[in-house]
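The next block holds one structure in the form of structure tokens; read it before the comments.
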Amino acid sequence: MSISDEKPWGGRFNHPTDRLVEEFTASIQFDKRLYRYDIEGSIAYCRMLAKQGIISSEEEEKIVSGLENILKDIEAENFAWTPDLEDIHMAVEKALIDRIGKAGEKLHTGRSRNDQVSLDMRLYLRDEVEKTLDLISALKSSILKAAKNEIDIILPGYTHLQRAQPVLLSHYLLAYREMLDRDEARLKECYDRINIMPLGSAALAGTSLPIDRGYVAELLNFPKITKNSMDAVSDRDFVAEFIFDASLLMMHMSRFCEDLVIWSSGEFGFVEISDSFTTGSSIMPQKKNPDVAELIRGKTGRVYGNLVSLLTVMKGLPMSYNRDMQEDKEPLFDTVDTVKGCLHILSEMAGNLKFNRERMLEAAAGGFSTATDVADYLVMKGVPFRESHGIVGRLVGYCIEKDRELSALTIEEFRKFYSGFDEDIYRCLTAEDSVNSRSSYGGTAKKAVLKRIEEIEGEAKGKGLKAKGKM
Ligand code: ARG
């Protein structure tokens with residue numbers, strides 16, 4: 001008994017597939033999300049087959065309208081998904097044959113699911129990268145807006161989570177914007193490697209039929225075609241690269257969220273996350289928890305997991321396509337959903353933060369955060385830095401012992417540690433003086449930060465057009 005009527009590949013089989021195997025090998029539950037791209041790719045492929053005289057124009061029209069109807073039905077949720085159809089490619093092909101008969105059987109001419117799945121993933125990722133880029137851009141705008149609004153707020157900058165030197169809140173916020181700039185650049189580069197058309201590679205070796213790969217690429221708006229059929233069907237670099245880019249992006253969001261978690265604690269009190277972006281405790285009535293920030297931090301772990309998962313799937317595979325590669329989809333889809341969800345909610349939350357100016361300034365002024373400024377002051381008086389470091393270290397020790405701030409010391413007390421201190425020392429003891437003295441390019445002085453904002457606004461104007469030309 002042949003089962004060729006039930007499975008597109010059933011010809012050489014004498015026994016039907018075990019139900020368990022069908023369920024185990026099926027990917028339709030998750031790859032059905034590729035339906036639009038699968039159909040789009042098939043329509044372009046069919047147009048090419050007709051142009052090349054491999055199918056007639058009558059068959060072409062039948063196939064195209066059959067595919068368009070399937071698309072409509074799927075979108076209207078009027079399509080039966082069953083696991084025996086295995087994957088999205090077979091589901092669409094089977095539906096086509098059911099609907100239009102013989103002509104439908106010609107669609108897969110010279111094509112394999114191996115090159116088809118690569119095409120679908122590339123079409124899908126092109127769209128998702130664009131959406132991710134739009135969301136990054138929204139988050140960047142939200143950060144820039146806050147940086148402009150809060151230009152006069154000073155807070156302690158930390159290293160080792162110990163107060164280090166005072167900085168502008170805007171400078172701090174723009175640091176995250178720089179990270180997002182790199183994330184954006186990485187994704188744009190990744191897009192170029194996604195944007196390559198693999199169809200025509202067939203199972204692994206290409207095809208003997210007179211197809212025109214360039215034409216398919218043109219119809220689907222791909223600037224390039226893959227150059228080696230074996231590489232084309234076994235390559236998932238573009239998926240791994242996307243997940244890696246997403247991992248770094250998640251890491252950046254996670255660090256920002258970690259700051260928000262710490263800053264919103266009672267001990268810090270630097271920021272209040274709006275009520276609509278926090279949740280309460282079911283037992284402790286006083287609590288307002290930064291759950292959104294915590295979850296973004298937590299979800300970063302799962303995106304890393306997706307990356308490791310895919311790299312591990314790929315690492316031992318012999319040339320060329322192997323069924324293991326079907327395991328690329330869930331980590332990819334999960335990454336796309338997670339990263340887009342996090343970007344979206346973080347932009348909203350970042351636009352709803354209330355910074356506590358007094359609390360931040362108070363913390364910035366304390367903790368001897370201007371000690372480096374005093375050391376620099378002595379350097380300008382000709383004291384070698386190592387020596388001035390020692391002098392100021394002893395000064396700080398004295399203050400701790402007496403429970404005083406540097407700004408509260410008299411000039412006589414300063415002179416006990418170094419005779420060359422002058423009255424002008426009092427001009428470098430406030431957090432504001434300290435911030436504004438750091439005016440080197442890329443520094444935290446208001447002048448330097450405003451310059452960077454001006455640059456960013458200039459870059460944004462030039463960049464928009466370039467990005468449009470590319471995509
Ligand atoms: N569902 C498969 C995947 O995602 C499609 C390719 C199947 N190819 C094959 N020769 N079984 O990888």
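The values are calculated or read from the model by the stated rules, or taken from the named source; none is laboratory data. Not measured: the values here are computed from a predicted model. Here the Cβ positions follow ideal geometry from the backbone for every residue, glycine too, while neighbour counts run over all protein chains shown. For the accessible areas, the whole protein counts, side chains as well, though only heavy atoms, and no ligand, DNA or RNA atoms are used. Shrake-Rupley method; radii C 1.70, N 1.55, O 1.52, S 1.80 Å.
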Among Phe277, Phe244, Leu311, the residue whose Cα sits farthest towards the positive end of the charge dipole of segment 180-319, when +1 is placed on the Cβ of each Lys and Arg and -1 on the Cβ of each Asp and Glu, is Leu311
One point scatterer per Cα, no solvent, Debye formula: log10 I(q)/I(0) for segment 188-297 at q = 0.22, 0.24 Å⁻¹ comes out as -1.14, -1.24
In terms of the charge dipole of the chain, which places +1 on Lys and Arg and -1 on Asp and Glu at the beta carbon, the residue among Ser57, Gln165, Val92 farthest towards the positive end is Gln165
Per the rule of 0.36 nm per residue minus the C-alpha distance, extending Glu423 to Met380 adds in nm 14.0 nm
Residue by residue through segment 395-412, the couplings from Karplus 6.51 cos²θ - 1.76 cosθ + 1.60 with θ = phi - 60°, in Hz, x for Gly and Pro, are 4, 5, x, 4, 4, 4, 4, 8, 6, 10, 8, 4, 5, 8, 6, 7, 5, 4
Regression test value, accessible area per residue of segment 355-428, probe 1.4 Å, units Å², expected 56
If the chain between Leu248 and Asn221 were fully extended at 0.36 nm per residue, the gain over the current Cα-Cα distance would be 6.8 nm
Per principal axis, largest first, the Cα atoms of the chain extend in Å by 104, 51, 39
Farthest towards the positive end of the dipole of segment 290-414, among Thr300, Ala350, Phe333 and with Cβ unit charges of +1 on Lys and Arg and -1 on Asp and Glu, lies the Cα of Phe333
Length gained if Glu362 through Ala203 is fully extended, taking 0.36 nm per residue and subtracting the Cα-Cα distance, is 50.5 nm
Mean accessible area per residue over segment 157-278 (1.4 angstrom probe, all protein chains present, square angstrom) is 42
For segment 8-65, the Cα-Cα pair-distance distribution in 10 Å bins from 0, as whole percents, is 19, 29, 30, 21, 1
Taking Cα atoms only, helix 371-380 is inclined relative to the longest principal axis of the chain by an angle, in degrees rounded to 10, of 70
Toy charge model, Lys and Arg Cβ at +1, Asp and Glu Cβ at -1: the chain dipole around Cα centroid in debye, rounded to 20, equals 960
Flagged as over-length at 18 Å C-alpha distance, from Lys148/Lys299; Lys148/Lys447; Lys72/Lys340, the pairs are Lys148/Lys299; Lys72/Lys340
Listed by chain and number, the lysines with an alpha carbon less than 17 angstrom from that of Lys416, same-chain partners under 8 positions apart left out, are Lys381, Lys402
The simple spin-label model distance between Glu454 and Thr25, using points 7 Å out along Cα→Cβ, in nm, is 6.6
Per-residue ellipticity at 222 nm attributable to helices in the chain (runs of n ≥ 4 DSSP H, -39500 (n - 2.57) apiece, nearest 500 deg cm²/dmol) works out to -20000 deg cm²/dmol
Cα-based Rg/(2.2 N^0.38 Å) for segment 296-397, rounded to two decimals, is 2.05
Note on the chain: contact order normalised by length, alpha-carbon pairs under 8 Å, 6 or more apart, percent, works out to 15
With Cα coordinates, the longest principal axis of the chain makes an angle with the long axis of helix 113-149, in degrees rounded to 10, of 20
Nearest 10, in degrees from 0 to 90: the angle of helix 329-350 to the longest Cα principal axis of the chain is 40
To the nearest 20 debye, segment 47-90 has a Cα-centred charge dipole, built from +1 on Lys and Arg Cβ and -1 on Asp and Glu Cβ, of 260
Taking a straight Cα-to-Cα line shorter than 29 Å from Lys227, and setting aside same-chain lysines fewer than 8 residues away, one finds Lys32, Lys51, Lys106, Lys131, Lys188, Lys315, Lys329, Lys466, Lys468, Lys470
Phi angles of segment 48-65, converted by Karplus (6.51 cos²θ - 1.76 cosθ + 1.60, θ = phi - 60°) into ³J(HN,Hα) in whole Hz with x for Gly and Pro, give 5, 4, 6, 4, 7, x, 7, 10, 7, 6, 5, 5, 4, 5, 4, 4, 4, 5
Computed for segment 137-286: size of charge dipole around the Cα centre, +1 on C-beta of each Lys and Arg, -1 on C-beta of each Asp and Glu, debye to nearest 20, value 240
Hydrodynamic calc, segment 268-348: Kirkwood Rh from Cα pairs, then Stokes-Einstein at 10 °C with viscosity 1.306 mPa s, so D in µm² s⁻¹ is 103
With DSSP loop assignment and no more than 14 other C-beta atoms within 10 Å, the GluC sites (Glu not before Pro) in segment 1-81 are Glu6, Glu77
For the chain, the accessible surface attributable to carbon and sulfur atoms (probe 1.4 angstrom, ligands and nucleic acids excluded) amounts in percent to 52
